[in-house]
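The structure appears right after this line, and notes come after that.
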Amino acid sequence: MLRLVIAATAVRLIGYDGTELNMELFWIFLFSSVYPLAWGQGVYAPANAQIVHSGAACNVKDDNISERIYTIKEGDTLVLQCIVKGHPRPQVRWTKTAGSASDKFQETSIYNETLRIEGIQRVQGGRYYCKADNGVGVAAIKSIRVDVQYLDTPVLTVHQTISDVRGSYYQEKTVFLRCTVNSNPPARFIWKRGSMLIEQSKDNGVDIYEPLYTQGETKVLKLKNLRPKDFADYTCQVSVRNVCNIEDKSVTFRLTNATTPPMIRLSVNDTVVVDPGQDVLLTCEVTAGFPLPTVTWSRYPGPLPLSAQVRGPTLILRAVTPADAGFYNCSAVNNVGNPARKNVNLVVRTMGNLTFQITPDSNKDSETIQMGRDLKLSCHVDATPQDKVNYTWYKNGAPVFNSDSLILLRSDPDMAPGTSSLEIVDMKFRDLATYSCVANFPGSRVPELRVDVNISQNSVSPPVLSVPSGGQMVIVRERGNAELVCLVVDGKPRPPILWSRTEKDLLMPSGQTVVETPDGRLRLRNVSRDMMGTYRCQTAPYNGLNIKRREAQVQLNVQYPPILDPVFQDMRSRNYQMVTLRCTVLRSNPARLTDIRWFRNGDFIRMPMPDLKETPELKFKLEPTNNGSYECRVSNTAGTSTCTFNVSAQPYNAEFYFDTPNPVRILKGNNYSYNLQWTQRDPEATDRIIGYWINIRKNKQNLLSKLINLKGKEPEKGVLISHTISDLRIPLSYEVQLAPITTYSTGEYVTRIIQYSEPYTYPRPSDHVCGFEDERICGFSQDRSDIFDWTRQNHLTQNPKRSPNTGPETDRSGTREGYYMYIEASRPRVQGDKARLLSPLFNGTSVRGPKGSGRVPYCVSFYYHMKGKHIGTLNVLLRVRSIASVDSVIWTKSGHQGPDWKKAFFDISPSGPFQIVFEGVRGSGFEGDIAIDDVSITLGKCKQENTVASAVLIGGSHSLPLASWLTFGLSCFLSLLYR
């Protein structure tokens, strides 16, 4: 039976990478998987914040030690990463200052360890701060200054000292050529006449200077009293001295005796009024200017309509709408003098609501129509343009003309602008009639509007406003619908009702200050508690008698279920301890409670009826049988709310420590180990934690499940627990699950991903080997001044159609998953094309050399693969940064070197901050791929390579007999199996 168990188990022996292990490797696995447990201080405030970059930086330098400056070209990608220590894991927040006020990043914060800005713009330069906070101690803050560099195309304009009445330049005139550019850093200017450089010291007829109070950087070339040779081509060339590889830019202008500034005229008047649906044609005719001016159209406010068509100097607007109204601007520019500009105000006719007012004799404070008194009828329409509206009055269908008893006012000074009034003086019985007001635009296709007012002793009376019985208080449940009612029960004509809030500065639910209702009914949908309050209803002063407003109020009372605290609470306790659950009522409308009930896992708990005026409480002794979800349901007439408590003796989750150092790489076998670290949240809240279950998974398959025994030592709050996981394969990643165990229960699993990543330390060289397994490639970057780039690849990502007989099959360690860097020699590459890979900039000046020496030795080592009949050259260059960067070749190899990876190493002694440059040069054909892997740059001279192979674990002079290994291994395996 025992042999059956062993045989069944042996079939399932797999390594962390998912491959089946042979017998010899299995014993190695057993003895290399001894898991030491370490304890240490864990919870601490964020510290040692550091900003590293992996974007397209032109340069990163230290200025006065304390300030780091990151220089980047406009349009490139900014990538900054904030590296910070602290437990629990700090939250990183990026903010920015010292930039343009228009930069939106100032108004918001980005919560992420990595800040990435695609296509960075000049306004996004400034100081960026990363702030890390985990609630413990003082937050850690680090900053870096980002300097965005750019060079715009310069603008060259020509000016003269006096007005040119004849349209040409005479030799006695002085001409100024003004060249303006925006750049960072400041640009250098060069002036040329034709192809010849203009030097002020060699030509008395020119003067070059910088004017005051100009926008951008400006240089002026002054031509004194024009000479025949001054009529030529002038070039203004600007340069920022190739910073960030920004090339020089230039602009050329031809000066002739016909050069003149632009002049234009419009085909229409300054203001154009049209009907909706009409087509509009605006032409901006150029009447003067050489060179021929360029005409452009713009609009204020907003851009040109989508339907607008620009054909040379003509702007065509098809079927205009009121939204197309605005100021249209025509500009003509030829860079001579000032641009010529003219604008047109386009007005589109519109007519809105037509309203009327009946005003009794205001001198007598009258509110009714009386014979022998004056009466005024007013008419107003919301129209554009308001001053073009024509009002016509009719009495019983006949036009009204001015007389002693009827007075027409085109614009009534006592009313809103654009209001027409008809005054009836000393009203007689003959004046009782139907009056009509008609508003229109003369000669327009916009339809006219008409309103009729019947004036008789029975047709006009003051309004009476009333709230229906019981309508003074409207009660509604939250999320329901409500109707507030104010009715005009008497009065002719009946005016509309205006609703508003009585509380100052409160808006109506629609977001408006006033809402008009024709029938006096205000309908509210999906009512919320913030709508509760007093609403005012008033008669409108229009479409009725223009008298003192009638007013009333309606109270809206919104009822809602109790608001409870807590909504949810996770409560942990030791078994057989008393637990108190308390559900506090914060607010309730109505305030009187109608019911309180407690439930466990959905089942009602029978207990004496609680006092509805007291805070609901439940006390009980926690036992393994009564763990679960407890609910307190509190009700009033508006509904029921719930407090939920998750009560358990289950321990809290472990909290992974995210500051774990980078995995330790074991070069032999291409394995690595990982120091898993965590703290236990509130370990004293529940029963004693005796250990942890750990599961290691890959591709959703369990590779190992193991109990970590704490051996009687209890976790302490904030104290770090460590556990080493070994025999992980580079560059595979693994899923680790961890759960605490008590005497009575097991906690929930928490998960984290272990992923091999190579450390990158800036700015000192580090002692690790860079195998390019991480996408960050250890801080290496592509040289943007070369022809093409190095490529990161492994066996799994190789192109199946790649060129045969060239390039490596796997990385240097021989694994299919391992990465390396290579150059692809296939098309479109041609012979001599170069690709350069730059190491990080190492600050060699921060390390002191041996006594009496100013230079420090470093060892550079790497593996290279050069297989193929067309192999070109692999060069290694040392780039030393000083006033100017100097490259020198320190290692080179050309031609076919065989099918295997080979190692190269050599010493360097740089004179300052330096970079190592790997330069691959394409050979004569496509079978010329070159690859590199496992690069290291370490302090000190290179050590001699060992010629004797390292001893293996099994065998050798100190190994036990194989039978002893098998016996010991079998006992360990059985103890694991039955644990």
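The values are calculated or read from the model by the stated rules, or taken from the named source; none is laboratory data. Please read all numbers here as calculations on a predicted model, not as lab measurements. With ideal geometry, Cβ positions are generated from the backbone for all residues, glycine too; neighbour counts draw on all protein chains shown. Accessible surface is based on the protein model in full, side chains and every heavy atom, while ligands, DNA and RNA are left aside. Shrake-Rupley method; radii C 1.70, N 1.55, O 1.52, S 1.80 Å.
Is it the case that some residue within region 235-256 is assigned to a helix (DSSP H, G or I) and of a type in the set (D, E, K, R)?
Step one: of region 235-256, the residues assigned to a helix (DSSP H, G or I) are 243-245.
Okay, now just the ones that are also of a type in the set (D, E, K, R), so none.
Checked region 235-256: no residue is assigned to a helix (DSSP H, G or I) and of a type in the set (D, E, K, R).
Do the conditions hold for residue 740, that is, is it surrounded by 20 or more Cβ atoms within 10 Å (Cβ to Cβ) and within 16 Å of residue 655 (Cβ to Cβ)? Talk me through it step by step, then tell me what you get.
On the way: surrounded by 20 or more Cβ atoms within 10 Å (Cβ to Cβ): yes; within 16 Å of residue 655 (Cβ to Cβ): yes.
The answer is yes for residue 740.
Pick out the one residue from 506, 498 that is free of Cβ contacts under 8 Å to residues at least 40 places away in the same chain and more than 30 Å from residue 371 (Cα to Cα). It would help to see each step written out before you state the result.
Details: 498 fails: free of Cβ contacts under 8 Å to residues at least 40 places away in the same chain.
Matching residue, one of 506, 498: 506.
Looking at region 586-619 only, could you name the residues that are under 26 Å from residue 576 (Cβ atoms), open to solvent by less than 60 Å² (accessible area, probe 1.4 Å) and assigned to a strand (DSSP E or B)?
598, 599, 618
Output the residues belonging to region 778-812 that are open to solvent by less than 30 Å² (accessible area, probe 1.4 Å) and assigned to a helix (DSSP H, G or I). Steps first, please.
Of region 778-812, the ones open to solvent by less than 30 Å² (accessible area, probe 1.4 Å) are 778-780, 783, 786, 788, 790, 793-794, 798, 803, 806-808, 811.
The answer is 778, 779.
Is there a residue in region 543-559 that is free of Cβ contacts under 8 Å to residues at least 24 places away in the same chain and at positive phi?
Within region 543-559, the first condition is being free of Cβ contacts under 8 Å to residues at least 24 places away in the same chain, and the residues that meet it are 549.
So of that shortlist, the ones also at positive phi come out as none.
Within region 543-559 (the criterion being free of Cβ contacts under 8 Å to residues at least 24 places away in the same chain and at positive phi), the answer is no, since none of the residues qualifies.
Being in contact with a Leu (Cβ under 6 Å, 6 or more places away or on another chain) and either outside the structural domain of residue 536 (by the TED database) or open to solvent by less than 60 Å² (accessible area, probe 1.4 Å) (or both) is the requirement here; does residue 435 meet it? Give the derivation first.
Numbers: in contact with a Leu (Cβ under 6 Å, 6 or more places away or on another chain): yes; either outside the structural domain of residue 536 (by the TED database) or open to solvent by less than 60 Å² (accessible area, probe 1.4 Å) (or both): yes.
In short, yes.
Determine, yes or no, whether residue 560 is in contact with a Leu (Cβ under 6 Å, 6 or more places away or on another chain), in a strand (DSSP E or B), hydroxyl-bearing (Ser, Thr, Tyr) and over 30 Å from residue 434 (Cβ atoms).
Working: in contact with a Leu (Cβ under 6 Å, 6 or more places away or on another chain): no; in a strand (DSSP E or B): yes; hydroxyl-bearing (Ser, Thr, Tyr): yes; over 30 Å from residue 434 (Cβ atoms): yes.
Considered against the rule, which asks whether it is in contact with a Leu (Cβ under 6 Å, 6 or more places away or on another chain), in a strand (DSSP E or B), hydroxyl-bearing (Ser, Thr, Tyr) and over 30 Å from residue 434 (Cβ atoms), residue 560 comes out as no.
Taking residue 290, is it touching a strand residue (DSSP E or B) at 6+ places or on another chain (Cβ under 9 Å), hydrophobic (A, V, I, L, M, F, W, C) and open to solvent by 40 Å² or more (accessible area, probe 1.4 Å)? Can you show your working first?
Working: touching a strand residue (DSSP E or B) at 6+ places or on another chain (Cβ under 9 Å): yes; hydrophobic (A, V, I, L, M, F, W, C): yes; open to solvent by 40 Å² or more (accessible area, probe 1.4 Å): yes.
In short, yes.
Suppose the filter is surrounded by fewer than 18 Cβ atoms within 10 Å (Cβ to Cβ) and assigned to a loop (DSSP other than H, G, I, E, B); does residue 574 pass it? Full working, then the answer.
Details: surrounded by fewer than 18 Cβ atoms within 10 Å (Cβ to Cβ): yes; assigned to a loop (DSSP other than H, G, I, E, B): yes.
Considered against the rule, which asks whether it is surrounded by fewer than 18 Cβ atoms within 10 Å (Cβ to Cβ) and assigned to a loop (DSSP other than H, G, I, E, B), residue 574 comes out as yes.
Provide a single number: the residues in region 55-103 that are more than 26 Å from residue 777 (Cα to Cα), of a type in the set (S, T, N, Q) and modelled with pLDDT of 80 or more.
So the count comes out to 1.
So which residues in region 306-325 are surrounded by fewer than 18 Cβ atoms within 10 Å (Cβ to Cβ) and in contact with a Lys or Arg (Cβ under 9 Å, 6 or more places away or on another chain), if there are any at all?
If the condition is that a residue be surrounded by fewer than 18 Cβ atoms within 10 Å (Cβ to Cβ) and in contact with a Lys or Arg (Cβ under 9 Å, 6 or more places away or on another chain), then 307, 309, 322 are the ones that fit.
With the condition kept exactly as written, say whether any residue in region 469-486 is within 30 Å of residue 453 (Cα to Cα) and touching a Lys or Arg at 6+ places or on another chain (Cβ under 7 Å).
yes
Can you tell me which residues in region 296-305 are assigned to a strand (DSSP E or B), open to solvent by 30 Å² or more (accessible area, probe 1.4 Å) and not polar (S, T, N, Q)? Write out each step before concluding.
Narrowing region 296-305 to residues assigned to a strand (DSSP E or B): 296-300.
Then drop every residue that is not open to solvent by 30 Å² or more (accessible area, probe 1.4 Å), which leaves 296, 298-300.
Passing the criteria: 299, 300.
Rundown of residues vs (1) open to solvent by 40 Å² or more (accessible area, probe 1.4 Å); (2) touching a Ser or Thr at 6+ places or on another chain (Cβ under 7 Å), yes/no style:
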{"site": "337", "(1), (2)": "no, no"}
{"site": "354", "(1), (2)": "no, no"}
{"site": "366", "(1), (2)": "no, no"}
{"site": "373", "(1), (2)": "yes, yes"}
{"site": "377", "(1), (2)": "no, yes"}
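Considering region 579-616 alone, what residues qualify as being farther than 14 Å from residue 630 by Cβ and of a type in the set (A, V, I, L, M)? Reasoning before the result, please.
Our first condition is that a residue be farther than 14 Å from residue 630 by Cβ; within region 579-616, this holds for 584-595, 606, 608-615.
Once the filter is applied, which keeps residues that are farther than 14 Å from residue 630 by Cβ and of a type in the set (A, V, I, L, M), region 579-616 yields 585, 586, 591, 593, 609, 612.
Just the residues that are surrounded by fewer than 18 Cβ atoms within 10 Å (Cβ to Cβ) and under 21 Å from residue 415 (Cβ atoms), please, taken from region 543-556.
Those that are surrounded by fewer than 18 Cβ atoms within 10 Å (Cβ to Cβ) and under 21 Å from residue 415 (Cβ atoms): 548, 549.
Would you be able to tell me the number of residues in region 463-487 that are buried (at least 17 other Cβ atoms within 10 Å of the Cβ) and either more than 17 Å from residue 523 (Cα to Cα) or of a type in the set (Phe, Trp, Tyr) (or both)?
Residues that pass the stated criteria total 2.
Would you please name the residue that is least open to solvent (accessible area, probe 1.4 Å), looking only at residues in region 224-266 that are within 30 Å of residue 385 (Cβ to Cβ) and touching an Asp or Glu at 6+ places or on another chain (Cβ under 7 Å)?
Within region 224-266, the subset within 30 Å of residue 385 (Cβ to Cβ) is 264-266.
Filter once more, so that each one left must be touching an Asp or Glu at 6+ places or on another chain (Cβ under 7 Å): 264-265.
On the way: 264: 19, 265: 128 Å².
In this case the residue turns out to be 264.
List the residue pairs whose Cβ atoms are under 6 Å apart, where the first residue sits in region 382-401 and is part of a strand (DSSP E or B), the second is among the β-branched types (Val, Ile, Thr), and the two are 6 or more positions apart or on different chains.
Matching pairs, first to second residue: 383/389; 384/350; 392/438; 393/400.
Report yes if some residue within region 872-881 is modelled with pLDDT under 95 and open to solvent by 60 Å² or more (accessible area, probe 1.4 Å); otherwise report no.
yes
Tell me whether region 531-539 contains one or more residues that are touching a helix residue (DSSP H, G or I) at 6+ places or on another chain (Cβ under 7 Å) and charged (D, E, K, R).
Residues of region 531-539 that are touching a helix residue (DSSP H, G or I) at 6+ places or on another chain (Cβ under 7 Å), as a first pass: none.
No; the residues of region 531-539 include none that is touching a helix residue (DSSP H, G or I) at 6+ places or on another chain (Cβ under 7 Å) and charged (D, E, K, R).
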